[in-house]
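Worksheet for the structure shown next.
The values are calculated or read from the model by the stated rules, or taken from the named source; none is laboratory data. Predicted model only: the values in this text are computed from it and were never measured. Cβ placement follows ideal geometry from the backbone for every residue including glycine, while neighbour counts extend to all protein chains displayed. When the accessible area is computed, the model is the full protein with side chains, heavy atoms only, and any ligands, DNA or RNA have been set aside. Shrake-Rupley method; radii C 1.70, N 1.55, O 1.52, S 1.80 Å.
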Amino acid sequence: MWGGRFSEPPSEALWRFTVDHSDRRLLADDITGSLAHVAMLGETGILEAEAVAAITGGLESIGEEADAGKFAFVASDEDVHSAVERRLFELIGEVAGQLHTGRSRNDQVALDIRLYLRRAAAERVADLAAFGSLMAELSDTVGEAVVPSYTHVQQAQPIRLGRHLLAYGWMAARDAERFGDLIKRLNVSPLGAGAVAGSGLPIDPSITAATLGFTRPFDNSLDAVGSRDLVSEYAFCCAQAMTHLSRLAEDIVLWSTSEFGWITLDDAYATGSSAMPQKKNPDIAELTRGKAAAVAADLATLLGIQKGTPLAYNRDLQEDKRAVFHADDTLATALPALGGLLASARFHPPEPDDRTVALDVAEALVKKGVPFREAHEAIGRLVAGLEGDSLSSADAEELSSAHPLLEASDVPTVIEAADRGTTLADESARLRETCQTLTG
Ligand code: ARG
């Protein structure tokens, strides 16, 4: 493809180090982009109709090979773009040499990655919205149970289990929204920017932009071929979503211990030990935590390859694909695994310690006109004096010695204390609606 200037073939060491097969999954998008490009070359009169027809036919055949999984890469293909062009020569002969008119692999790869990520982003919106809806569904089915909320992994205030699940649902909804928002920025076509400063031929980037469903063509050719912020933003969307899943995974690991005893995992979503016959392990959750680290590293990789590259294209940028595909694949496989684990788990959380109503007791005093700080102090003393016994076990004397205005009726049950604010059903309905809107 670029041999004219060279008198020797590339060394094996160069080839092994510089060729990266991770762009092969851009094959279909590369063909789509080339079809749009050649049509534009015809429309603008840069290529003859016959050449356009021959190239279009050849690209369509390559597309069929790709769809059938029969496209064969060869060792001398430097990347997916050169592979398609090589195959086009094999199929239609010398006329294939006109396809790359007014184009560079630099704007070509910038186009391909946008086409790929635009589609992938729409898939992640759907996956994350489905995950959010699953949290709403779980809240409706198992969410009534009263459990402690936690701060510092210490029992805090009583809540319905559904609140805890819905919290993750709202995170997933925002993660979905982030991917959706990114689609707007991905929807600008870089094709026509050429290698760096466009082409002297009368190409029309607005034609290819429209054909490929972009809202408009690029504004600046250096920016179009040299920027990868949308790729790192995509990785950020993955990393943030994986980070949320990782927190949920950590909760699942805790919940499934015999010490917590909140959930029993379905056999199909748990793993065993090769040594200890009794073990049933939450590997999906643990790997979600572990893989979240690798996705955060993908984001770091993407920022790193941009920060030191002067404008515009540098080969460093080729490393973007491996990182972003890894990030996307990880999120795409984590969601159904963790979703399936939760949907099939049995929830049986024990009730919270009734000292989790201590704040409610203090607030009962506030309602009687006691300043909050004084009420806090009094209930703190009461709890300390009970030495681990429940608040409901305190008799009238213990209560009044903690504070003269304190009575047994000021101590709610954990169930009474768990129900405040909007009802659980209202919240889950709102989450469900939010998730539906995201995909609608
Ligand atoms: N394989 C390259 C990449 O992914 C395509 C662009 C190559 N451009 C170049 N000037 N060598 O970045």
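Would it be correct to say that residue 27 is more than 14 Å from residue 1 (Cα to Cα), part of a helix (DSSP H, G or I) and touching a helix residue (DSSP H, G or I) at 6+ places or on another chain (Cβ under 7 Å)? Considered against the rule, which asks whether it is more than 14 Å from residue 1 (Cα to Cα), part of a helix (DSSP H, G or I) and touching a helix residue (DSSP H, G or I) at 6+ places or on another chain (Cβ under 7 Å), residue 27 comes out as yes.
Among residues of region 137-150 that are in a helix (DSSP H, G or I), those with a beta-carbon under 7 Å from a residue that is of a type in the set (Phe, Trp, Tyr) at least six positions away or on a different chain give the pairs 142/347.
Evaluation of residue 424 against the conditions (1) open to solvent by less than 30 Å² (accessible area, probe 1.4 Å); (2) free of Cβ contacts under 8 Å to residues at least 60 places away in the same chain; (3) touching a Lys or Arg at 6+ places or on another chain (Cβ under 6 Å) shows that the sole unmet condition is (2).
Among the residues of region 225-243, is there at least one that is modelled with pLDDT of 95 or more and more than 27 Å from residue 332 (Cα to Cα)? Yes: region 225-243 contains one or more residues that are modelled with pLDDT of 95 or more and more than 27 Å from residue 332 (Cα to Cα). If you go through region 282-299 and keep only what is open to solvent by less than 60 Å² (accessible area, probe 1.4 Å) and either closer than 21 Å to residue 236 by Cβ or part of a loop (DSSP other than H, G, I, E, B) (or both), you end up with 282, 288, 290, 292, 294, 295, 296, 297, 298, 299. Filtering region 387-421 to residues that are open to solvent by less than 50 Å² (accessible area, probe 1.4 Å) and in contact (Cβ under 8 Å) with a residue 24 or more places away in the chain leaves 390, 391, 402, 403, 406, 410, 411, 412, 414, 417, 418. Quick one: which of 192, 213 is in a loop (DSSP other than H, G, I, E, B), over 19 Å from residue 338 (Cα atoms) and in contact with a Pro (Cβ under 8 Å, 6 or more places away or on another chain)? One residue alone meets the criteria, 192.
Against the conditions (1) open to solvent by 30 Å² or more (accessible area, probe 1.4 Å); (2) away from the ligand (no atom under 16 Å from the Cβ); (3) more than 30 Å from residue 169 (Cα to Cα), residue 59 satisfies every one except (1).
Screening the candidates 69, 58 for the property of being under 29 Å from the mean Cα position of the chain (by Cα) and over 18 Å from residue 105 (Cβ atoms) yields one hit, 69. Candidates are the residues of region 1-50 that are surrounded by 17 or more Cβ atoms within 10 Å (Cβ to Cβ) and among the hydroxyl-bearing types (Ser, Thr, Tyr); the one that is farthest from residue 87 (Cα to Cα) is 22.
Considering region 76-103, the residues that are assigned to a loop (DSSP other than H, G, I, E, B) and surrounded by fewer than 22 Cβ atoms within 10 Å (Cβ to Cβ) include one that is farthest from the ligand (Cβ to nearest atom), namely 101.
Of the set (1) within 16 Å of the ligand (Cβ to nearest atom); (2) in a helix (DSSP H, G or I); (3) not small (Gly, Ala, Ser), all apply to residue 237 but (1).
Here residue 232 passes the criteria (1) small (Gly, Ala, Ser); (2) within 19 Å of the chain's Cα centre (by Cα); (3) under 30 Å from residue 148 (Cβ atoms) except the one numbered (3).
Among residues of region 68-79 that are without any contact (Cβ under 8 Å) to a residue 60 or more places away in the chain, those with a beta-carbon under 6 Å from a residue that is within 16 Å of the ligand (Cβ to nearest atom) and open to solvent by less than 60 Å² (accessible area, probe 1.4 Å) at least six positions away or on a different chain give the pairs 73/83; 77/83. If you check 136, 173 for being closer than 30 Å to residue 423 by Cβ, crowded, with 21+ Cβ neighbours inside 10 Å and in contact with a Lys or Arg (Cβ under 7 Å, 6 or more places away or on another chain), only one passes: 136. Among the residues making up region 1-49, those that are more than 16 Å from the ligand (Cβ to nearest atom) and among the hydroxyl-bearing types (Ser, Thr, Tyr) are 7, 11, 32, 44. In this entry, residue 118 is excluded by the filter for residues that are open to solvent by 10 Å² or more (accessible area, probe 1.4 Å), closer than 19 Å to residue 233 by Cβ and either within 16 Å of the ligand (Cβ to nearest atom) or touching a strand residue (DSSP E or B) at 6+ places or on another chain (Cβ under 6 Å) (or both).
Residue 247 meets all of the listed conditions (1) modelled with pLDDT of 95 or more; (2) open to solvent by 10 Å² or more (accessible area, probe 1.4 Å); (3) over 23 Å from the mean Cα position of the chain (by Cα); (4) farther than 20 Å from residue 323 by Cβ but one, namely (3).
Looking only at residues of region 300-333 that are open to solvent by less than 20 Å² (accessible area, probe 1.4 Å) and farther than 30 Å from residue 269 by Cβ, we find that the one that is farthest from the ligand (Cβ to nearest atom) is 302.
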